[in-house]
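Data first, discussion second: the structure below is written as structure tokens.
The values are calculated or read from the model by the stated rules, or taken from the named source; none is laboratory data. No experiment lies behind these values; they were computed from the predicted model shown. Ideal geometry is used to build each Cβ from the backbone, glycine not excepted, and the neighbour counts take in all protein chains shown. For the accessible areas, the whole protein counts, side chains as well, though only heavy atoms, and no ligand, DNA or RNA atoms are used. Shrake-Rupley method; radii C 1.70, N 1.55, O 1.52, S 1.80 Å.
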Amino acid sequence: MASSGDFEALLTGCLSIDNQVRKHAEDTIKQLSAKPEVIPELLQRVQTAANPQVRQLAAVLLRKWIARHWSKLSPEVKSGAQQVLLERIANEQEHSVRRAMADVVASVAHLTLPQGQWPGLLEFLHQCSRADSAEHREVGLLLFAALFETIGDTLQPHAASILQAVAASISHPSDLVQTAALSVIEPLLPYMTDAQVPAFHALLGALLPCAQAALVAQNEDLLGHMCQVLVEVAECPAPLLQPCLQQVLEMCMTIATNKHFESNTREQALQLLQWMAK
């Protein structure tokens with residue numbers, strides 16, 4: 001394995017605009033990736049590299065290679081890696097790097113959480129998803145969404161509390177937080193039980209005023225995302241939209257008849273109307 005300084009230089013070289021320098025760095029990194037020692041090296045770089053592009057690249061490569069080498073790492077290295085990942089999620093200032101680190105957390109959680117080998121992760125995500133910081137809320141919610149997509153059975157006992165976290169974030173002033181909250185709903189739906197329906201209805205009660213505010217603000221991106229999510233809700237066998245059918249109908253009609261909106265936004269509202277009519 002290259003020395004610490006050499007390894008960071010290789011990562012920097014991968015970002016070079018000089019084709020020859022970049023190719024040499026990429027070829028060398030690829031060779032090093034065959035050994036599990038690459039994982040501690042990359043973890044070091046996400047902590048200490050001054051250049052955020054280098055930190056982001058290190059996180060992207062971690063996401064790519066960590067599953068391949070996880071079983072070969074010692075328990076001490078695994079535990080240290082988990083601590084580093086959560087520390088970087090909590091303290092990383094660059095949005096792109098933090099999102100890349102969240103992808104690594106999701107990969108490691110897929111390998112460890114079902115076996116009970118990452119104690120404290122879910123509590124950490126709950127804290128993030130309720131944090132005052134929009135950045136932490138976003139990443140906590142995005143991780144819940146990613147984990148429901150891959151290990152939903154493990155998260156199912158926590159679905160009610162996660163729904164509460166989503167409901168608390170739907171009306172957040174940050175579009176990034178609102179979008180992240182919406183992203184949790186679709187992958188969570190298959191894991192809903194009858195006992196969790198009241199929590200979902202509370203979530204809808206928080207979502208509809210948010211939709212009205214988005215209508216007033218002409219926020220088409222958010223409205224389109226809401227319609228997409230509500231189509232998935234309408235497809236569920238359980239009558240999840242029943243308590244607010246009238247409000248959702250009025251929202252769809254308002255969007256569909258607004259000639260100032262893009263055709264795609266209006267079509268999404270019409271699609272939701274079609275599902276509600278079935």
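Quick notes on this one:
- With a simple spin-label model that places each label point 7 Å from the Cα along the Cα-to-Cβ direction, the separation between Leu270 and Glu235 comes to 2.0 nm.
- All-pairs Cα distance distribution in the chain, expressed in whole percent, bin size 10 Å: 6, 26, 27, 20, 14, 6, 0
- Each peptide in 147-154, 225-232, 101-108, 45-52 gets a packing score, the mean of other Cβ atoms within 10 Å over its residues, and the list from highest to lowest is 101-108, 225-232, 147-154, 45-52.
- Candidate aspartates and glutamates - alpha carbon under 18 Å from Lys78, same-chain residues fewer than 8 apart omitted: Glu37, Glu41, Glu87, Asp103
- According to the Cα-based calculation, Rg over Rh for region 69-218 is 0.99, with Rh computed by the Kirkwood formula.
- His24 paired with Asp132, simple spin-label distance in nm, labels 7 Å along Cα-to-beta-carbon: 5.0
- The chain: relative contact order in percent, alpha carbon pairs under 8 Å with at least 6 residues between: 11
- Solvent exposure of the chain as accessible area per residue, Å², 1.4 Å probe: 48
- Ordering of 188-194, 82-88 by packing [mean C-beta count within 10 Å, highest first]: 82-88, 188-194
- Length available on full extension from Ser16 to Ser174: 0.36 nm per residue minus the Cα-Cα distance, which gives 53.4 nm.
- When the charge dipole of the chain is built from unit charges on Cβ atoms (+1 for Lys and Arg, -1 for Asp and Glu) and taken about the Cα centre, the candidate among Thr257, Met276, Met192 whose Cα reaches farthest toward its positive end is Met192.
- Additional length obtainable on full extension of the chain from Arg68 to Leu249, 0.36 nm per residue less Cα span: 60.3 nm
- Accessible surface of region 34-105, 1.4 Å probe, proportion on carbon and sulfur as whole %: 48
- Modelled spin-label separation between Gln83 and Ala50, with each label point placed 7 Å from Cα along the Cα-to-Cβ direction: 2.7 nm.
- Per-q log10 I(q)/I(0), region 155-278, q = 0.15, 0.18, 0.20 Å⁻¹ (Debye; single scatterer per alpha-carbon; no solvent): -0.63, -0.92, -1.13
- Rounded, prolate or oblate (a/c below 1.5 giving rounded, otherwise prolate when a/b exceeds b/c) for region 4-163 by Cα gyration tensor: prolate
- Within the accessible surface of region 145-278, defined with a 1.4 Å probe on protein heavy atoms only, the carbon and sulfur portion equals 54 percent.
- Cα-centred dipole magnitude for the chain, charges only on beta-carbon of K, R (+1) and D, E (-1), debye, nearest 20: 440
- Note, ³J(HN,Hα) from phi for region 47-58, Karplus 6.51, -1.76, 1.60, rounded to Hz, x at Gly and Pro: 8, 10, 5, 6, 7, x, 5, 5, 4, 5, 4, 4
- Percent of Cα pairs exceeding the 15 Å cut-off, where the set is region 46-91: 49
- Principal axis box of region 89-161, alpha-carbon based, largest edge first, Å: 31, 23, 20
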